[in-house]
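Have a look at the structure below before the remarks.
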């Protein structure tokens, strides 16, 4: 709800600060005082069109600030958090200033913003009826929301929304797969060609490294044999001098002095250990040499295979050591492409299932909408007929699509239709109703759907245009009834409406030193009686007029 409003230098208002409460607040004033000036300032603060004319002639700029209680408005809180503008769990502050050149600045919770987000937020805080550019009731989505809230469709709507999203996601995926079909086929054929080349070589894991080592050994086998033969000569085969014989002779020499020099024992043990290692090495080399063979045929085979592997690696710009891993990647991609048809079939099966579920759920929503649309139409029509529109008929129109579009909002478009004169056809609310008629129709709609309304603050301007007497009293009662559950503001020139408000604001215009000022002040009970008397009797207020006014103000509201 709107807690506070502060206006500075707006048209004829110099400064004004008002605090508001829950209930119905009526705004009155003499003809020409500009009773709607407060609503104009409110609209401007919420993103209305600005001009230099809204700034007082003697001032550089004007500003309007609003303080809303949002503790019970989860949608507004969610919106603020989405744009990182949430500061206080209970309040939201909106401020707008306009200079005399018409340039505007907007703030939400003291953070600068633009008009578009300001207007988005305002639709979650307050609903203004009177001028078409601010009437959310004329929007198709708002009309659909009113019907669905009235019928309690939240669970069905959630199901339809999720199924519609799932259907569109699947449909997009399938379309993309089909669009890529030709490219996928060409890629699969290319991969198959590459894999056939790899299949001819039948490359094994780590094969290149093993073959490369074997090739090096065979290619250098003659030189290897010569060096190993020389090594064996030095270790054991030379008769004159070899390592084993030399170590043995050394051990004998040291053995002769071990009795007089104990250190020789350590040297002898070290040399015996070396003797053993030399002997084992000599044995290993001899065994290796015996197996080593010159095999030109094997060498030729290795060179042929290694050459083929080098050529294949060069073709794919990779190392020969990477051939096996590269082949596995190609194979994995080919298998995935090969499974695309199966994947497409499965997705189409899922799409058919989701489509069936969507249609079933959406049809349930349609049946319920049809039921509640008739009920809502009847109840609103009854109220409208009491508001100086005796021939009016209200109807909730449900227009089914020719084809199923899988809309997240169901199978039909919802529109509010009205006829206000006998013999006329039902037409859309936006095209048919005048400003005053629209305000009364909106009042009837909000009375019927009050319990489901998420927007807590409502403003009605021109609600009593073209009515009087008993109709005016009926409008007043309806506004007061709506004020029991909402915060309602109503600009009125009718005493029957004004007398039934929970709260009363009076607009006055004065001229001092050739300057015009507008003031807006809340009225006490006695002041309210005086104002109702003025509205009843004009400038000459008699005792009888005062008594009538007091009776109207103090009368119990049925």
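The values are calculated or read from the model by the stated rules, or taken from the named source; none is laboratory data. Just so it is clear, the model here is predicted, and its values are computed rather than measured. Cβ: placed from backbone, ideal geometry, glycine included. Neighbour counts: every protein chain shown.
Computed quantities for the displayed model
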| item | result |
| --- | --- |
| Scan of the stretch 292-311 for residues that are part of a helix (DSSP H, G or I), more than 60 Å from the chain's Cα centre (by Cα) and either touching a residue at least 24 places away in the same chain (Cβ under 8 Å) or not assigned by TED's automatic domain parsing to the domain that holds residue 324 (or both), ordered by number | 298, 299, 302, 303 |
| Out of 355, 368, sole residue that is farther than 30 Å from residue 178 by Cα, assigned to a helix (DSSP H, G or I) and either modelled with pLDDT of 90 or more or touching a strand residue (DSSP E or B) at 6+ places or on another chain (Cβ under 8 Å) (or both) | 368 |
| Any hit, the stretch 327-346, residues being surrounded by 14 or more Cβ atoms within 10 Å (Cβ to Cβ), part of a helix (DSSP H, G or I) and more than 42 Å from the chain's Cα centre (by Cα) | yes |
| Residue in the stretch 407-425 that is within 29 Å of residue 32 (Cβ to Cβ) and free of Cβ contacts under 8 Å to residues at least 12 places away in the same chain present | no |
| Test: residue in the stretch 225-239 that is within 24 Å of residue 315 (Cβ to Cβ), loosely packed, with under 15 Cβ neighbours inside 10 Å and touching a helix residue (DSSP H, G or I) at 6+ places or on another chain (Cβ under 8 Å) | no |
| Test result for residue 534, in the same structural domain as residue 22 (by TED's automatic domain parsing) and on the phi < 0 side of the Ramachandran plot | no |
| Single unsatisfied condition, residue 500 versus (1) touching a helix residue (DSSP H, G or I) at 6+ places or on another chain (Cβ under 6 Å); (2) modelled with pLDDT of 85 or more; (3) within 25 Å of residue 11 (Cα to Cα) | (3) |
| Residues located in the stretch 136-145, provided they are touching a strand residue (DSSP E or B) at 6+ places or on another chain (Cβ under 8 Å) and closer than 13 Å to residue 409 by Cα | 140, 143, 144 |
| Residues (touching a helix residue (DSSP H, G or I) at 6+ places or on another chain (Cβ under 8 Å) and surrounded by 17 or more Cβ atoms within 10 Å (Cβ to Cβ)) located in the stretch 65-84 | 65, 66, 68, 70, 73, 76, 79, 80 |
| Lone unmet requirement of (1) more than 15 Å from residue 457 (Cα to Cα); (2) touching a helix residue (DSSP H, G or I) at 6+ places or on another chain (Cβ under 6 Å); (3) surrounded by fewer than 22 Cβ atoms within 10 Å (Cβ to Cβ) for residue 23 | (1) |
| Odd one out for residue 439 among (1) at pLDDT 85 or above; (2) out of contact with any helix residue (DSSP H, G or I) (no Cβ under 7 Å at 6 or more places or on another chain) | (1) |
